[in-house]
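The numbers here are math on the coordinates, done by the rules we state, and not lab data. It should be emphasised that the depicted structure is a prediction, and the values quoted were computed from it without experimental measurement. FYI the Cβ positions are ideal-geometry reconstructions off the backbone, even for glycines, and counts take in every protein chain you see.
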Amino acid sequence: MQKIVDSIYQKMCARTDRGKVANYIPQLACVDPNQFALTIVTQEGHVYSSGCADTLFSIQSISKVFTLTIALGKLGDALWTRVGREPSGDPFNSIVQLEHESGIPRNPFINAGAIAIADAVMGHNAPKETLAEILHFVRFIANDDSISIDEKVAQSEMMTGSRNASLAYFMDSFDRLDNPVEKVLGTYFHHCSISMNTQQLAKAGMFLVSNGTNHCTGVRVVPEHRARRINSLMLMCGHYDGSGEFAYRVGLPGKSGVGGGILAIAPGKASIAVWSPGLDKIGNSKLGTEALEMLVQETGWSIFGY
């Protein structure tokens with residue numbers, strides 16, 4: 001496995017077309033696009049890494065997997081009255097469907113859906129308490145208390161988050177939020193600014209590999225049926241309007257972030273985290289997607305294999 005990981009790293013290093021960093025968020029605009037990291041953690045707990053796997057990056061929308069997990073733990077299936085479970089087919093920050101669908105976001109992974117999830121996680125708690133809860137959960141599933149929020153990235157997002165504010169206020173106009181818009185947005189921007197490296201991120205995804213139980217720690221994080229459903233949503237919706245293309249090319253549940261990270265799950269086999277800051281035109285890591293496509297070709301891990 002280490003040979004496969006190293007080989008993919010070497011091939012990615014040779015790529016000249018690396019995509020473009022998310023320059024609409026100032027703190028992400030200055031990230032070096034020449035970086036690449038890949039980490040695989042197998043169900044048995046073996047870790048294989050190559051590249052800058054110790055380098056921290058902003059996980060951005062990958063955090064939506066974790067907030068969805070928390071929200072389902074609090075509300076169960078009642079959560080689905082607030083947000084749908086269908087692919088959007090539109091860009092992650094689109095407002096079009098909200099108008100047609102009475103302020104209910106299409107799924108938890110587009111920006112509007114994640115804002116609705118942040119509101120659900122909050123209950124009636126303050127943003128500071130909610131963020132402490134989210135951070136505690138991420139540290140717990142990654143088994144790493146050093147994970148933190150990058151405050152500079154959060155402030156950068158808040159200064160440039162007009163589109164997300166528009167989404168939130170539009171939902172609020174349909175009475176879809178329980179908390180003040182400003183507090184929900186503060187929670188959302190900060191949980192998107194969680195900073196991790198690929199080793200931490202891959203370990204955080206381990207509970208989705210084995211039907212809700214992290215085999216490395218022996219701890220059940222979610223019920224078996226919930227792990228399957230989270231994986232299904234990642235497969236259908238985890239890459240925005242590029243989710244079908246990712247399923248076609250990679251064939252694994254996955255969630256991307258505009259920081260250049262992707263968390264992918266090979267059920268029963270491994271949790272995989274890849275990071276390359278350059279994005280394709282949809283907003284997914286260009287080299288990250290190519291690396292994962294190469295990995296499933298080498299391992300046969302696509303869920304559509306037989």
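Points to keep in mind about this one:
- Radius of gyration over Kirkwood radius for the range 135-219, both on Cα atoms: the Rg/Rh ratio is 1.09.
- Filtered trypsin sites (Lys or Arg not before Pro), the range 253-306: DSSP coil and at most 14 other beta carbons within 10 Å: Lys281
- Loop-located chymotrypsin sites (Phe, Trp or Tyr not before Pro) in the range 163-205, at most 14 other Cβ atoms within 10 Å (DSSP): Phe174
- Gain in span if fully extended, Asn23 to Tyr248, counting 0.36 nm per residue against the direct Cα distance: 78.2 nm
- HN-Hα J in Hz across the range 37-50 - Karplus 6.51, -1.76, 1.60, θ = phi - 60°, x for Gly and Pro: 8, 9, 10, 10, 10, 6, 4, 7, x, 6, 10, 10, 9, 8
- Checking every one of the GluC sites (Glu not before Pro) in the range 1-108 against DSSP loop status and a limit of 11 other Cβ atoms within 10 Å picks out Glu44.
- Distance between the range 32-68 and the range 102-138 - C-alpha centres, whole angstrom: 22
- Relative contact order, percent, the range 213-297 [alpha-carbon distance under 8 Å, six or more residues apart]: 20
- Remark: relative contact order (the range 156-296) = 17 percent; criterion is Cα-Cα distance under 8 angstrom and separation of 6 or more residues.
- Phi angles across the range 245-259 convert, under the Karplus curve 6.51 cos²θ - 1.76 cosθ + 1.60 with θ = phi - 60°, into 3J(HN,Hα) values of 5, 5, 4, 5, 7, 10, x, 9, x, x, 9, 9, x, 6, x Hz, Gly and Pro given as x.
- Nearest-0.05 FRET efficiency for His225 and Arg15, computed from C-beta distance (R0 30 Å): 0.15
- Its DSSP H runs of at least 4 residues, each contributing -39,500 (n - 2.57), put the calculated 222 nm mean residue ellipticity of the chain at -13500 deg cm²/dmol, to the nearest 500.
- In this entry, the chain is assigned a mean projected area of 13.7 nm², taken as a quarter of its C-alpha convex hull surface.
- Size of charge dipole - the chain - debye, nearest 20, with Cβ of Lys, Arg +1 and Asp, Glu -1, no other charges: 440
- Averaging the sequence gap over all C-alpha pairs within less than 8 Å and six or more residues apart, then dividing by the number of residues, gives the chain a relative contact order of 27 percent.
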